[in-house]
Amino acid sequence: MDANEIIKKQVTDNAVVLYMKGSPEAPMCGFSAAAVQMLEACGAEDVATVNVLADEDIRQGIKDFSNWPTIPQLYVNGEFLGGSDIMREMYQSGELQKLLGK
């Protein structure tokens, strides 16, 4: 499978997917750390995370897939929501909590 097929499968097979730099336990950038914190604060469970630093094809592929230039990127129920800035706006308005069912 090429990167596009892998990404499509990941966002289809998982209700919540966060493409990030590093892991939830060891984020490798502040924006990824903030994204993880917001998901945890929402009580999100079963979040699939993908470390884009581990695979250059996925790192570039997710940017092409979403037509969004930055990481992290959040997908919920197969839909691209945005990066940490959009997540923050949604969190502050309460929309992210509603979307994640908490």
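The values are calculated or read from the model by the stated rules, or taken from the named source; none is laboratory data. On a predicted model such as this, the values are computed, not experimentally measured, just so you know. Here Cβ is always computed from backbone atoms with ideal geometry, including for glycine, and neighbour counts include all displayed protein chains.
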* To do: Please determine, by comparing only the residues of the stretch 35-49 that are touching a residue at least 40 places away in the same chain (Cβ under 8 Å) and surrounded by fewer than 18 Cβ atoms within 10 Å (Cβ to Cβ), which one is nearest to Lys98 (Cα to Cα).
  => Gly43
* Asked: Tally time: how many residues in the stretch 40-57 are in a helix (DSSP H, G or I) and farther than 18 Å from Ser84 by Cβ?
  -> 3
* Asked: Looking at Gln37, is it more than 21 Å from Asn77 (Cβ to Cβ) and assigned to a helix (DSSP H, G or I)?
  -> yes
* Asked: When Leu96 is evaluated against the numbered criteria (1) modelled with pLDDT of 95 or more; (2) over 14 Å from the mean Cα position of the chain (by Cα); (3) more than 28 Å from Met1 (Cβ to Cβ), which criterion, by number, is the only one it fails?
  -> (2)
* Asked: Applying the selection to the stretch 1-34, what residues are out of contact with any Pro (no Cβ under 7 Å at 6 or more places or on another chain), surrounded by 17 or more Cβ atoms within 10 Å (Cβ to Cβ), free of Cβ contacts under 8 Å to residues at least 24 places away in the same chain and part of a helix (DSSP H, G or I)?
  -> none
* **Only one of Val52, Val16 that is closer than 24 Å to Lys98 by Cα and of a type outside the set (Lys, Arg)** => Val16
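Per-residue answers, yes or no, for (1) touching a strand residue (DSSP E or B) at 6+ places or on another chain (Cβ under 8 Å); (2) assigned to a loop (DSSP other than H, G, I, E, B); (3) polar (S, T, N, Q):
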residue	(1), (2), (3)
Gly61	no, no, no
Ile71	yes, yes, no
Met87	yes, no, no
Met90	yes, no, no
* Can you tell me which residue in the stretch 56-70 is farthest from Gly22 (Cα to Cα), limited to those that are crowded, with 17+ Cβ neighbours inside 10 Å and of a type outside the set (A, V, I, L, M, F, W, C)? -> Ser66
* To do: With respect to Gln73, determine if the residue is within 18 Å of Lys9 (Cα to Cα), surrounded by 12 or more Cβ atoms within 10 Å (Cβ to Cβ), at pLDDT 95 or above and touching a Gly at 6+ places or on another chain (Cβ under 9 Å).
  => yes
